[in-house]
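The values are calculated or read from the model by the stated rules, or taken from the named source; none is laboratory data. Keep in mind that what you see is a predicted model, and the values were worked out from it rather than measured. FYI the Cβ positions are ideal-geometry reconstructions off the backbone, even for glycines, and counts take in every protein chain you see.
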Amino acid sequence: MADNPKLKQLREKAMRLPLTSGVYLMKNKSGKIIYIGKAKALKNRVSQYFGSQNTHPPKVRRMVENVDDFDYILTDSEFEALVLECSLIKQNMPKYNILLKDDKGYSYIKITPNPWGNLYACFRQDDPTASYLGPYTGNYSVTQAVAQAKEIFKLPTCGKVFPRDIKNARPCLNYFLSRCSAPCAGKISQAAYEESLAAAVRFIKGDSRAEVKAMEEEMTAAAEALDFERAARLRDRIRAVARISNRQKVVTSQNKQQDVFAFSRQNDKACLAVLNFQNGLLCGTETFIFDPTGDLPQLRQDLLLSYYAMRREIPPKILLDGDAADSALLTRFFEEKRGKKVELVVPQKGEGYRLVQMCRSNASQKLGDYFGRTGPQTAVLDELARLLQLPKIPVYIEAYDISHTAGADNVAGMVVFQNARPLKRAYRKFAIQSFEGQDDYGSMREVLSRRLNRYVEEAGSGEGFGRLPDLILLDGGQGQVNAVKPVIDALGLDIPVFGMVKDSKHRTRAIASGGQEIEIRDGRSVFTLVSTIQEEVHRFSITYHKSRHAKAALTTRLTEIPGIGEKKAASLLKTFKTLKKIRAATEAELCAAPGIGPKDAAAIHTFFLTQASPAPDGPDHQTTEEQ
């Protein structure tokens, strides 16, 4: 990205700002407002934008590149700045503010007039003959309410027009499933139909429990008046309401009205999920994918302000998946807007915690869909992120293990899991170079130092060593973690590192971090993932160690031949792969190996001819690139 040529000039202007609260407005060359923010101390906040660009996330850097000037408005308090910021954002809709808007706007329930009216979900009030309920903030809740009302009160869902199509067709399957009153076949009178439509409207407008009570009273009265047809019709409606309610009780809340917020973050994208509860039942969900900026508390504040700026109602209780910046100011702002008390809660247990986790799972799933991950992959990565309290989903995981035989032939293996699956083309092998003998901590420190220094060299590529992992797992406990943390910190990198701890039977039992162990219960999907990673990195590193150990043994065997040193032995192994093939080669074939002359070939040939009992071959050795 190119630096803004006016950066120095803008910073000088920012340094002249007062240390008081206010709102700042970033503008482009045409004078259009592209970002609005608030600050407790304008000078400190605004000057940060025009300092080092390396500390900013990509979206902020893009915004700063387009700033040609900025304006500001002083306020008497931080709360006034917050109120003014929300108002100005709503008026100007700046490009770089987080704006959580439905693409389709508000939704309505359309009620077409009698005779033979019906209910529909729509986005516009474009029929002057119809009446409307709404607006509503989520199309999901509107379509769900219309579908439920039609099913309960047996209103048609087909495209037939009444009275034109009455008695022009046989009843469809919905009639035989008791989901339609079949006016097309003349199975219901106009008066009874209009009564059903009026009841459906009352059902949508009010509390379903009150509507059920009224229908029960009507049913009793109809039965006493010997109007059994009407009583049966009311009985069927009551049963339909109960059936619908039982479906909804899968997700219920003790709090009648509340919203639940949680978000999931991956690389340069984040997803906010919102669950809306009315009358204790989940009545709507919304998700928004956007480019995140700032730290997590500030991000939550921005999301809440943006969400409720576009909505009429604020519920009495709002559940969050973490702390929001300036929560006291937020609460005061929402309470003044609502006119009643509002609670911002970060639940740690119980029903609230369960709902927040469910909301976060929805956000993770939507983000997984965006990046093309499957449901199980998204679920296990989200569970791992929650377990380890990671700031974002660990899509790209690197794991390391050390292998040696009593300090000889020290090697390390690195395996990579992307989207919870092995990415074998990214596996790497390391031969320990800085010392000989047994020192697992020193080996791990060397390997991570080499790997991360390669990142510093190749950071621009974004592939292989040019990509940083979202999570590093080490085969071992807290000692391994302590050995590599200084390496990561010295390079100024922020990578979560954990150890994978085994039990006495060499099975994964816990994850080590901060001097403590996080237990992983058997049967959980995250247990399966971590166990798979630990087994895979162990297999990979020990296979590499055995290969090097076998190669060392074969090299030692070949160096027993007069005139053959380690370099010539390595050349022979690289050319012929196995001791068996070297033994069977002719002198002319042996000369084909680099560095092997006729004299060496004769010595090799003679050596194997004079062996009374040839040593058994080691395993075939395939040469590999060592990092």
- If a residue has to be at pLDDT 85 or above and on the phi > 0 side of the Ramachandran plot to count, how many in the stretch 569-597 make the cut? 1
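Kindly indicate the residue of the stretch 459-486 that is part of a loop (DSSP other than H, G, I, E, B) and touching a Gly at 6+ places or on another chain (Cβ under 8 Å) and also surrounded by the most Cβ atoms within 10 Å (Cβ to Cβ) among those meeting that condition.
Keep residues of the stretch 459-486 that are part of a loop (DSSP other than H, G, I, E, B), which gives 459-463, 467-470, 476-477.
Among the residues that remain, those that are also touching a Gly at 6+ places or on another chain (Cβ under 8 Å) are: 459-460, 476-477.
Working: Ala459: 12, Gly460: 6, Gly476: 20, Gly477: 18.
Per the stated criteria, the residue is Gly476.
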- Task: Give the stretch 581-609 a look and list any residue that's surrounded by 14 or more Cβ atoms within 10 Å (Cβ to Cβ) and under 55 Å from the mean Cα position of the chain (by Cα), or say none.
- Result: Lys581, Ile582, Ala593
- Return a yes/no flag: does the stretch 483-494 have any residue that is of a type in the set (D, E, K, R), more than 25 Å from the chain's Cα centre (by Cα) and over 15 Å from Gly514 (Cβ atoms). no
- Here are some conditions: (1) surrounded by fewer than 21 Cβ atoms within 10 Å (Cβ to Cβ); (2) among the hydrophobic types (A, V, I, L, M, F, W, C); (3) modelled with pLDDT of 80 or more. Ala324 meets all but one. Which one does it not meet? (1)
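Does the stretch 170-201 hold any residues that are touching an Asp or Glu at 6+ places or on another chain (Cβ under 7 Å) and over 13 Å from Phe153 (Cα atoms), and which are they? Can you show your working first?
In the first step, residues of the stretch 170-201 are kept if they are touching an Asp or Glu at 6+ places or on another chain (Cβ under 7 Å); the result is 178-179, 184.
Within the stretch 170-201, Cys184 is the sole residue that qualifies.
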- Would you mention how many residues in the stretch 510-531 are surrounded by fewer than 20 Cβ atoms within 10 Å (Cβ to Cβ) and in contact (Cβ under 8 Å) with a residue 60 or more places away in the chain? 5
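If you go through the stretch 459-481, how many residues are in contact with a strand residue (DSSP E or B) (Cβ under 9 Å, 6 or more places away or on another chain) and either closer than 21 Å to Ala385 by Cα or not hydrophobic (A, V, I, L, M, F, W, C) (or both)? Show your work before the answer.
So in the stretch 459-481, the residues in contact with a strand residue (DSSP E or B) (Cβ under 9 Å, 6 or more places away or on another chain) come out as 464-465, 467-481.
Then drop every residue that is not either closer than 21 Å to Ala385 by Cα or not hydrophobic (A, V, I, L, M, F, W, C) (or both), which leaves 464, 467-481.
Total satisfying the criteria: 16.
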- Task: Go through (1) at pLDDT below 85; (2) in contact with a Ser or Thr (Cβ under 6 Å, 6 or more places away or on another chain) and name the single condition Glu519 misses.
- Result: (2)
- Answer yes if at least one residue in the stretch 544-563 is assigned to a helix (DSSP H, G or I), modelled with pLDDT of 85 or more and within 18 Å of Lys429 (Cα to Cα), and no otherwise. no
- Could you grab the pairs with beta carbons closer than 8 Å, sequence gap of 6+ or different chains, first residue in the stretch 343-356 and free of Cβ contacts under 8 Å to residues at least 24 places away in the same chain, second one surrounded by 14 or more Cβ atoms within 10 Å (Cβ to Cβ)? Tyr353/Pro347
- Specify the residue that is surrounded by the fewest Cβ atoms within 10 Å (Cβ to Cβ); the eligible residues are those in the stretch 112-140 that are modelled with pLDDT of 80 or more, of a type in the set (S, T, N, Q) and in contact with a Ser or Thr (Cβ under 8 Å, 6 or more places away or on another chain). Thr129
- Query: If you scan the stretch 490-509, which residues turn out to be touching a residue at least 60 places away in the same chain (Cβ under 8 Å) and either over 14 Å from Ile472 (Cα atoms) or out of contact with any Asp or Glu (no Cβ under 8 Å at 6 or more places or on another chain) (or both)?
  - Reply: Phe498
- Note on the structure: Residue hits (the stretch 369-391; small (Gly, Ala, Ser) and either modelled with pLDDT of 80 or more or surrounded by fewer than 18 Cβ atoms within 10 Å (Cβ to Cβ) (or both)) are Gly372, Gly375, Ala385
- Note on the structure: Filtering the stretch 492-509 for residues that are surrounded by 10 or more Cβ atoms within 10 Å (Cβ to Cβ) and modelled with pLDDT of 85 or more leaves a count of 8
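Out of Val447, Val487, I need the residue that is touching a residue at least 40 places away in the same chain (Cβ under 8 Å), in contact with a Lys or Arg (Cβ under 8 Å, 6 or more places away or on another chain) and not aromatic (Phe, Trp, Tyr). Which one? Full working, then the answer.
On the way: Val447 fails: in contact with a Lys or Arg (Cβ under 8 Å, 6 or more places away or on another chain).
Only one candidate qualifies: Val487.
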- Task: Kindly check whether there is at least one residue in the stretch 508-531 that is more than 20 Å from His404 (Cα to Cα), of a type in the set (Lys, Arg) and assigned to a strand (DSSP E or B).
- Result: yes
- Task: Please go through the stretch 49-82 and pick out each residue that is crowded, with 19+ Cβ neighbours inside 10 Å and in a helix (DSSP H, G or I).
- Result: Tyr49, Met63, Val64, Ala81, Leu82
- Task: With a cut-off of at least 2 residues that are touching a Ser or Thr at 6+ places or on another chain (Cβ under 8 Å) and of a type in the set (Lys, Arg), name the helices (runs of 4 or more DSSP H) lying wholly within the stretch 312-422.
- Result: 350-371
- Task: Would you be able to tell me the number of residues in the stretch 396-422 that are surrounded by fewer than 21 Cβ atoms within 10 Å (Cβ to Cβ), touching a residue at least 24 places away in the same chain (Cβ under 8 Å) and within 30 Å of Cys271 (Cβ to Cβ)?
- Result: 4
